[in-house]
1. Can you tell me how many residues within region 92-127 are within 16 Å of the ligand (Cβ to nearest atom) and in contact with an Asp or Glu (Cβ under 9 Å, 6 or more places away or on another chain)?
2. Do we have residue 121 as open to solvent by less than 60 Å² (accessible area, probe 1.4 Å), touching a strand residue (DSSP E or B) at 6+ places or on another chain (Cβ under 7 Å) and either modelled with pLDDT of 95 or more or assigned to a strand (DSSP E or B) (or both) here?
3. Do you know which residues across region 68-103 are free of Cβ contacts under 8 Å to residues at least 12 places away in the same chain and in contact with a Lys or Arg (Cβ under 8 Å, 6 or more places away or on another chain)?
4. Does region 172-219 hold any residues that are outside any helix (DSSP H, G or I) and out of contact with any strand residue (DSSP E or B) (no Cβ under 9 Å at 6 or more places or on another chain), and which are they?
5. Residues in region 96-114: is at least one assigned to a loop (DSSP other than H, G, I, E, B) and crowded, with 20+ Cβ neighbours inside 10 Å?
6. Hey, among 196, 208, which residue is over 17 Å from the mean Cα position of the chain (by Cα) and either free of Cβ contacts under 8 Å to residues at least 60 places away in the same chain or within 15 Å of the ligand (Cβ to nearest atom) (or both)?
7. Among the residues of region 154-169 satisfying the criterion of being within 16 Å of the chain's Cα centre (by Cα) and within 21 Å of residue 87 (Cβ to Cβ), which is nearest to the ligand (Cβ to nearest atom)?
Amino acid sequence: MNNFIVGNWKMNKNREEAINYIEDLKLFSKDIKDTKIVLAVPFTLLESVSKSLNGSKIDVCAQNMFYEEKGAYTGEISPAMIKDFAKYVIIGHSERRKYFNETNEIINKKIRAALKHDLKIIFCIGETLDQRNNNETKSTIETQLREGLNGLNHENIKNVIIAYEPVWAIGTGNTATSKQAQEVHEFIRQLINDLYNAEIASNLIIIYGGSVNPNNANEILSMKDINGCLPGGASLDPSSFIKIIKC
Ligand code: PGA
């Protein structure tokens, strides 16, 4: 599968902006076949976006969640609350790791909690520029994967999509070359093969994120182990998101 496209709006858009966008995307998506389109929207838009996407082929995704079921955690959102509106949740995005100190251990707790509620997980991993320059890309990816997926069995892992997002490529305009991305995607698939088995590894969806835009999406998506992409900035405008989907 090389057609799993997730638009990550991050902390953007109010309700009116979101609804106008969705109308454009719904019109376009009617004729789309064999491509999974997912929109990761802020918590405040989960309900309105899921209502307006009702009956369409586009799925809704949350951008984060807390691992506790409920209780005195002011400002947090539980997996069950997300499940009311969304099928997917992003966990471990590098902006969560960087600005909110999320560790691999916290991310693992979130992944396990999301699984309990039958949410599909878009699990983000990726190295910083320093790590790449110090030749630590593969060791960083391996640690993030092993610790993030700790305790997940062969059934659980089928609900996980992995997003390789090199931190130095996010929001910078410096996308990884298709060769750099393919090399890491192949490494991830091999690790999943070692941790689980060959069938799980070959069916695993691994998407690339980091400055994907309509001009570079074709080349990135043509690589063997790249099954889709996760544009952030380029998903904010429906016409550029649609151009990426067309790739
Ligand atoms: P970007 O963001 O496309 O703006 O680089 C991607 C992401 O962080 O998911």
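1. Looking only at that region, the number is 9.
2. yes
3. Those that are free of Cβ contacts under 8 Å to residues at least 12 places away in the same chain and in contact with a Lys or Arg (Cβ under 8 Å, 6 or more places away or on another chain): 102, 103.
4. Scanning region 172-219 gives 172, 173, 174, 177, 196, 197, 211, 213, 214, 215, 216.
5. There is no residue in region 96-114 that is assigned to a loop (DSSP other than H, G, I, E, B) and crowded, with 20+ Cβ neighbours inside 10 Å.
6. Just a single option satisfies the conditions, and that option is 196.
7. So the residue we want is 165.
To keep it simple, each residue is scored yes or no on (1) under 30 Å from residue 189 (Cβ atoms); (2) within 20 Å of the chain's Cα centre (by Cα); (3) open to solvent by 50 Å² or more (accessible area, probe 1.4 Å).
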| residue | (1), (2), (3) |
| --- | --- |
| 11 | no, yes, yes |
| 18 | no, yes, no |
| 31 | no, no, yes |
| 46 | no, yes, no |
| 49 | no, yes, no |
| 53 | no, yes, no |
| 59 | yes, yes, no |
| 62 | yes, yes, no |
| 69 | no, no, yes |
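The values are calculated or read from the model by the stated rules, or taken from the named source; none is laboratory data. Because the structure is predicted, anything quoted here is derived from the model rather than measured. In this analysis, Cβ positions are derived from the backbone assuming ideal geometry, glycine residues included, and neighbour counts consider all displayed protein chains. Note: areas computed on protein heavy atoms with side chains; ligands, DNA, RNA excluded. Shrake-Rupley method; radii C 1.70, N 1.55, O 1.52, S 1.80 Å.
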